[in-house]
Structure formats: structure tokens, C-alpha cells
1. Only residues that are more than 8 Å from every other protein chain (Cβ to nearest Cβ) and not aliphatic (A, V, I, L, M): list them for the stretch A:147-160, please.
2. Restricting attention to the stretch B:75-118, report how many residues are at pLDDT 85 or above and not in a helix (DSSP H, G or I).
3. Search the stretch B:465-490 for residues being surrounded by 20 or more Cβ atoms within 10 Å (Cβ to Cβ) and of a type in the set (Gly, Ala, Ser), and hand back the single one that is nearest to the other protein chains (Cβ to nearest Cβ).
4. Given A:163, A:231, which one is of a type in the set (Phe, Trp, Tyr), within 20 Å of the chain's Cα centre (by Cα), within 12 Å of chain B (Cβ to nearest Cβ) and under 24 Å from residue B:400 (Cα atoms)?
5. Looking at B:48, B:8, B:52, B:14, which is the one that is touching a Cys at 6+ places or on another chain (Cβ under 8 Å), polar (S, T, N, Q) and in a helix (DSSP H, G or I)?
6. Residues in the stretch A:192-213: is at least one crowded, with 23+ Cβ neighbours inside 10 Å, in contact (Cβ under 8 Å) with a residue 60 or more places away in the chain, within 24 Å of the chain's Cα centre (by Cα) and at the interface with chain B (Cβ under 8 Å from one of its Cβ atoms)?
7. So which of A:184, A:214 is β-branched (Val, Ile, Thr) and in a helix (DSSP H, G or I)?
Amino acid sequence: MIGFGASELTEALALLSAWQALPLTVLVPALGALLILLTGRWPNLRDSITIATSLTLLWLVLPILIDVAQGGRPGNRLVEIFPGLPLAFKAEPLGATFAAVASILWLATSFYGIGYMRGHHEENQTRFFACFAVAIAATMGIALSANMMTLFIFYEVLSVSTYPLVTHSGTDEAKRAGRVYLGILLGTSIGLQLVAIAWTWTVAGTLDFEAGGILAGHVSEVTVAVLLALYIFGIGKAAIMPFHRWLPSAMVAPTPVSALLHAVAVVKAGVFTVVKVVVYIFGLDLVASSTMGLALAYLAAASILIASLVAMTKDNLKARLAYSTVSQLSYITLGAMLATSAGVLGGGLHIVMHAFGKITLFFCAGAIMVAAHKTEISDMRGLGRRMPFTFVAFFVAAISIIGLPPMGGAWSKWLLALAAAEREHVLLLATYMISSLLNIAYLVPIAVRGFMPAAGEGMGEGWRIREAPMFCVVPLCLTALATLVLFFAADPLLAFLEPIAPPTPEAP
Amino acid sequence: MIAVYWQTAMAWLTQLEPHFAPLQVAIPLIAAPICVLIRQRRIAWFFTLVVTWVTFAIAVALLVQVRSSGDISYAIGGWEPPWGIEYKVDLLSALVLVIVAGIAAAVMPFARVSVEREVPNPRIYLFYTMYLLSLAGLLGITITGDAFNLFVFLEISSLSSYVLISLGRDTRALTAAFRYLILGTLGATFYVIGVGMLYMMTGTLNIADLATRLPALQNLRVVEAALAFLLVGVGLKLALFPLHTWLPNAYAFAPTVATIFIAATATKVSVYVMIRLLYTLFGGTDFFATTGVDEALVGLGMVGMIAAALIAIFQRNVKRLLAYSSVSQIGYMVLGLALGNVAGLTAAILHIVYHALMKAALFMAVGCATTQARVVQIEDLAGLGRQMPVTMASMVVGILSLIGVPLTVGFVSKWYLLQAAFVAGDWAIALVIVASGLIAAVYGWRVIEAAYFTDAPEGRAEVAEAPLSMLVPLWLLTGLCVLLALNAEWTMTLAEEAARALMNGAAAGVVP
């Protein structure tokens, strides 16, 4: 479907070649950040630059998507850091998808962020938008990197650039949270992931992402187990327990940050890296045959359930959503650890589906905070009558997160459950199902009770609409709508992703 | 007319070219007493500036010569080695010469404002005299091929740096200098005892000559003892972990320019001497394998990396914090050189270069902050991220490099050190390396948090950005910290070639 009319589209929009666009996807947001800093004195101009940059980024990602859909694997190497280890980009289906999701949602968040930051009278908006743009540049770098070293570099840039966003308010509480955030993310990445990368380089002699993996034939069973554990725990952004504490901590950030970065860019960079490592560093066979893979799958399952249970106990909406994210991220890690085609594809699909669903939920949380100044769920009863669009969008997105049709989340959960069934792990299959039930329990009541009368009010009270600013409401309606569209668009998306893990590798 | 002058100058240079090796040391050495005669502080500064730049140019020329036509050997006074004193430049020493002379040259533009602020005006010319002497000493240590001549230069550089430190305004600088004097003299004495023992057994002082004679004598207890004396002596000079106690106060209370120069060069040159001892002087013997020297150094290196970094966390004085960080980073170099494989030695050599750059940049940034805002403690940095954005940005780069974050030079050397640990097949070492980086993140983050996420104290006067004469050298070094990481190939090839040459030299020596 994407291939249809590609050449006309290319011509009409004057698109670049994919290989040209690749490094620019990092450079353009980075330059945008610089311009934002320089124009900080004129807020309207500054915010226009944010929008213009995100539109340019979409324009850059489009040719990459088209090329990858047509089977191309565009690449571009910038500089050789060490002999044989370049800073290089290469697009493949999973990365292109991640890049597309992040850039589309950045556009939505830019609008939303402008509405939110102004509506909430936040300070230091220039630093905020500049760091945001740097974080997106890093995300693009992660999505489109050609080797593990490039990915690692951008992974670290992402950690550091989001620190000022987390501690935005500058309070002592924010600073403490920021320390936990950076401590865990830097600690795991330097302490474990870097060791794994250096070891991989020593045994395999390369760090390039290659179909089928680069480790096969170079390592013993034990080494695979140790390396896999180092990678999975070292990728702290995937928030597998016990390295998940940074994510709830990050919730002190302004809501647009929680929405795009801690529901999409940062956390998805984590699970994206997990999938990437499993598919292109280890290769599915190596992970499937490793006992450590299975052990980590069970750990991910435990993560799913425990995080869901913790989410139920949280009354603060953002905290509840954060634990829900921890749980949903482990869905993807579990899928990758199952190391079947369905597991990996389901994981890839879930990156997309969960992104749209969760960002909508966070947008709603922020809209409620801006319009009604409420953060606790118990105070939100009856609020839906004032903010019907927000609460309907919340409901739609919640259905998608739970994984019910007709929302996009249904497909990814279906594939993930299928993977568990294929590997004949009844407990893991049950985990997926029980967790869905828990999702219902902690998400749906928020939306439903929003439409119930607040305590002390009769049903007859009128519906006086007092929504958040349009800049906030329109983006969240659109992303909610997108979860619906994705239900029907899942097939072409799956076809796009399929080359990373073809269902029957033996067939010619 | 100009063309004629140009030609004459070129002809002159061509004539001088074979004598670059002795000139490398002779120029700053002779310039030092001239500086005393000048007395006027501005002229003394300018004179020193010119001398350091010429010295740097010679160092670069030597590196080019070595790259194009191989090792240089120069017999001082025409007395052929091993009888006379030999100056010997190979790839490793050329690299160290460039970094030492380069730092000395880069610091000079920075020095004018900073020194006038921190050193009593009537003594400024003495400061520059000692600076030149110290430079001459360090270059001499690096270039000489004679074990006793090395001791002489070691003393020249040490004595002059005691004076440099004691010129600080803070009276604690005097006790710090005295402490350094006692321990430094002990170190030098140990070294010369070691050299004496070797001379007693072999009758030669030339390092290359010693290297060929020692394998035959390696079973003798005296030679073993000599190695022990030499290592402890050099260990004191390079502040190897338990022998580091002179360093923190010396760095903290010396005038900033002295701190920059000593921190970036003196310990590095001592690490160079240790490499020379182990890989050239004793390269032909199998001491490395049989006496447990390697294990001892690996162990001390690792303990230093962790312990000094932990101590750094609890420092309140910025310069002391960076000083303990230096002790920790020296651990990296010692670990690298003691692992006994090419990757490790490469990492050590790379870290000599890189750490010189980043520590010089960091101390320069502190110097800017001290000059402009009287920063001494970490809390004093509050709000400076906004008020001195250029200086503080450089500080951030420096700290990220200390941690070893990708895209900074610190990452490159750490990457090689990790490789070395895997090649050596030792897991624990790899973990210690990353753990040390993480502790660096903790102490580094305290500085960043103070500068960027704490508001300036009420009532402090508006702070201006440092003058260009300070910012340009600062960013020159900071820029190198990033550029050399973006394209690590250049420094890496040099370091790896040097490491291979040392290894091969050592391996060749085994066969008599």
C-alpha cells in the first residue's frame, strides 16, 4: 500500500533520496534545537520553529519509509570512530517504523506542548523545547543506526538530554527524581550494556546489525546466556524489573514530556533496542535455544503482572499510567525473548500500537491537569461532563491498551499471545490474558466514572463544556482516532515489518 | 627582500633540523634564566609564550621526523652511546613530547590573566621561570635515553614544580608544596638507588644498552631489588594509588596555571617513564611474568580507580575533586600498561594523551570560574551555568569525558581498556572499569548539578564570562576532546603503533 504511487509522491513533495535523508533526520532536529535556543526571546517564533522542524522531519522520514517498503535498505556512513567501527545509519523495517512513529507523534506533541506549556504557565520554555528537539534527534539516531556503537551513542545522548526535561520544575523533589532517572539509565547502560557491547566486539569483530545476527558461531552457550542478560538488563530504558524505578520517577516532568518521551521515544527506544539486539545481534535461533532467554521471558512476565498490580494501587493518574507503561514494555521484551516470528513481529507492532494509545492517555492526563487542575483519579469523578472529548479519547485509547477490537492494540496482543502459544508456555500465555484483565480494571473505570455524577450532584446537572485549550484537545482526539485507524491498517503495517522476522524462514 | 629573509631562515632551519632533539630541551632550559633577567611581568609572559610555542613546533617537527624516517638517536656532545648521553625519540616519546609541549603552549595565552590574579605581582617573573624549567625537565625526561640523565631531569622538573605550587596565594600552598617535596624527593631517591644498583651490575647507564644486558642477569636478587626501587620511585611520582597523598593538596592550592600544567603533564610523563621501565629497560627480561609485578600493578590500578573516585565524591573543593579524579584516572593508565597486551598498552598511551587534554580543559574551566567568580567550593558554582555559559559548557564536556560517555575521548580509551580486559580474559577487570566510570558520573554530576540546576545565591554581583584569552585555549582543548573522539583513528593509529613497537621490542629482547 505504501508502495502505491510512491514515485508520484516523491516527485510531488520533492523528497530526498533515502540515503541523503538518513543523517538529516538527526541533524535537522539538532539544528532545530539550536534555532530554538537562539529565538528564545520571541516565544511565537520559537514555537513556530518547533513545528517547522517537526514537519521537516516528517518530510525526511517519508522517503526512508518508501524506500524500505520497496525492499531497499538505504545506508550512510559518516565518520569512522575506530577502524571498522563507523558512525553510520541504515534503515530497516523496524527502525523505519520507530522513526515514523516518533516523528509523527512529535508533531502532535509539539502542538500539544505549546498549548500545555502556555496553559500551565511553565517557566524555562526555551530550554524545554530545545531539549525536546535534541531528544528527538537522539531518538532518530537510535532508530536508524547501522551498528550497536552508533545506537549506544544516541542512546546515551537521549538519556542525558532528557534529564533537564525531567527536572524541569527545579524543585528538590524533581532533582531527586532526576538523579534516580539518570542514575539508573546511565548506570545500566554504562555498567552492563557497554560491557556487553565491548564483549560482542571482541568475539564477533563487528557490531553491524545483520540479518541472522553476528554472534552465531562465535560464542558458547554460557557466553550467550551472560551476554543476553547483560544486554537485557543493560537496556534500562526497556524498564524490565528490577530496573524500572526510573520511569515512575520521570513522571515529575511536565506532561508533554511524559507523553512523548516516557510513553514513546525513551521507553520505545529501550524495547526497540531489545528487539534489535535479539534479531540482529543474536539472531532468533540463538535466543530461542538459550535457557537464559526463557528465564528472562519469565522475568518479563513477572514484570508485566507486578507492574499491573502496582498500577491498580496508584491514585495519581500519571503514576498509574507509568506503571501501566512498565507493564506494557515487558510485553514487548517478553515477545522478543520468545524469539519466534510472531513474538518479534508482535513486539514490533506493539511498539506502534502502544505508542499511540499511551500518548493519548498522557495527553488526556495533561489536559485534565491544565483544564481542571486535577491529578488524582479519585477527584476526577464527573469530570467527563465538563471534558467530554478528553474522556472519550481516554476511553478509546484505554480500549486499545487493553487490546480489544476495534482498536489497534488488539492485533499486537494477538500476535504476542500467539507466540506464547507457539512456544507452548501456558503460563506466559496466561500472563498476557490476566494482564489484559488487570488493564481493564485499572483503566476503564477512570473513563467511565468521569461520566458519572460527582459526589453530591444530581444526574440532571447540565453538561457545561470547559475543555483544555484547542492546542491540547485536537492532538489527543487525533491520536485517539489513530488507534482506531491502526486496527484496520494493521495488515500493511505487518507486511512492512515482516522482513525482519519472516514467519517461515525455511520456505524458499 | 622578504623572499631573501625567508630563504635564509629556511636554510637556517634545515641546518638546525638534525639538532631538533637537543634543542627540544635546550631552548626552554636556556630561556628560564633569561626570564629571571627580564623581571618585568608582561614581557616575561610574552617571552615564555614565544618559547613554549617554539618548543611545541619542535615537538611536532620531531613527531613528523619519526613518522617519516624512523627513530632518532642523538649523541650529546658527539659522545657515542652507550658511553655518552643519548637522546632518543621513538613514536611513544615523540607523542608524549607533543602533548607536554602542546599543553604548555596552550596554557600560556590563558596564563596572563590567571597568573596576575593568583600570583603576587613581584614574583610573576619567577613563576614563568619555574614554568619553563619544569617544562624543560619534563621534556628531558621524555627524550633522554640515559637512565641517570633521566634522574637529573626528574629533579629539575620536580624542584621547579615545588616552587610553582608554593607560589599560590593560599598559605596552605606552602605545606602542600613541602609535602610534595618530601614525597617527591623520596621518589627520586628510590629511583636513583634503583639506577645505581643496575649500574653496579652492568656498568652502563644507557637504557638501550641496559636492556640488552639485563636478560642475562635477571636471576640476581639485586636486579629484582632494583626493579622494585625503580617502580616505587616512579609510582610515587605518578601518584599511584596508595602513594598519591601529595597530589590532592598540591593541585588544590597551587596557582591554577600551575595546576593545569602539572596535572596535565607531570603525572603523564611519569606514566611514560613507567612504560619505558617495564617495556624497554626490563623489556627483555621476563620479570613481568615471573615476579608478579603485573598483578601488583593491575591490582593497585584497580583499587586506585575505585577508591580515589569514591573519595572524590566527598570533596567540596572543586580542584580537590578533580585532583582525586586524576588519581583515579591514573589508575586506568597503570591498569592498561600492566595488562600486558597490545590493547591495554594502547589504552594506556591513549589515556595519557586524552587525560592530559581533558584535565587541562577542566582545570582551565575551573580557572575561568575562579577568576571571574572566585569559585573555590562546588557550591560556588551555583547559577554559573547561566552566567558563564561558554565556560560551563566546556566543563560539561570535560566531565562527560571523565565519565567516558561516547563522543568524548574518555570513551575511546575506556573502550580499548575494556577490549584489553576481555583479551586478558578477566571479567572482574571489565566490571571495575565500568564501575569506576559510574562513580565518576556521581562526582561529575555534583558539579553539573551545582552549575546548572542551582540558582545563584542572592546578592552575588553579576558575573561576566571569562575573557577571550582564556576561552580560546579552553575551547581549543575542549574541542580536541570531542574531535579526537569523532575521529579517533589518528591518535589511535599512533598509539597502537607505539604500543606494538614497544611490545615487539620487548619480545625481540627475550631472544638474546
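The values are calculated or read from the model by the stated rules, or taken from the named source; none is laboratory data. Bear in mind the structure is a predicted one, so any value in this text is a computation, not a measurement. Neighbour counts are summed over all protein chains in view; Cβ atoms, including those assigned to glycine, are modelled from backbone coordinates with ideal geometry.
1. A:147, A:150, A:154, A:155, A:159
2. Count: 6.
3. B:488
4. Within the list A:163, A:231, the selection yields A:163.
5. Values: B:8 fails: touching a Cys at 6+ places or on another chain (Cβ under 8 Å); B:52 fails: touching a Cys at 6+ places or on another chain (Cβ under 8 Å); B:14 fails: touching a Cys at 6+ places or on another chain (Cβ under 8 Å).
That would be B:48, the only listed residue that is touching a Cys at 6+ places or on another chain (Cβ under 8 Å), polar (S, T, N, Q) and in a helix (DSSP H, G or I).
6. No, because not a single residue in the stretch A:192-213 is crowded, with 23+ Cβ neighbours inside 10 Å, in contact (Cβ under 8 Å) with a residue 60 or more places away in the chain, within 24 Å of the chain's Cα centre (by Cα) and at the interface with chain B (Cβ under 8 Å from one of its Cβ atoms).
7. Within the list A:184, A:214, the selection yields A:184.
Table: residues versus (1) surrounded by 22 or more Cβ atoms within 10 Å (Cβ to Cβ); (2) assigned to a helix (DSSP H, G or I); (3) not hydroxyl-bearing (Ser, Thr, Tyr).
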residue	(1), (2), (3)
A:52	no, yes, yes
A:55	no, yes, yes
A:59	no, yes, yes
A:78	no, no, yes
A:89	yes, no, yes
A:95	yes, yes, yes
A:98	yes, yes, yes
A:112	yes, yes, no
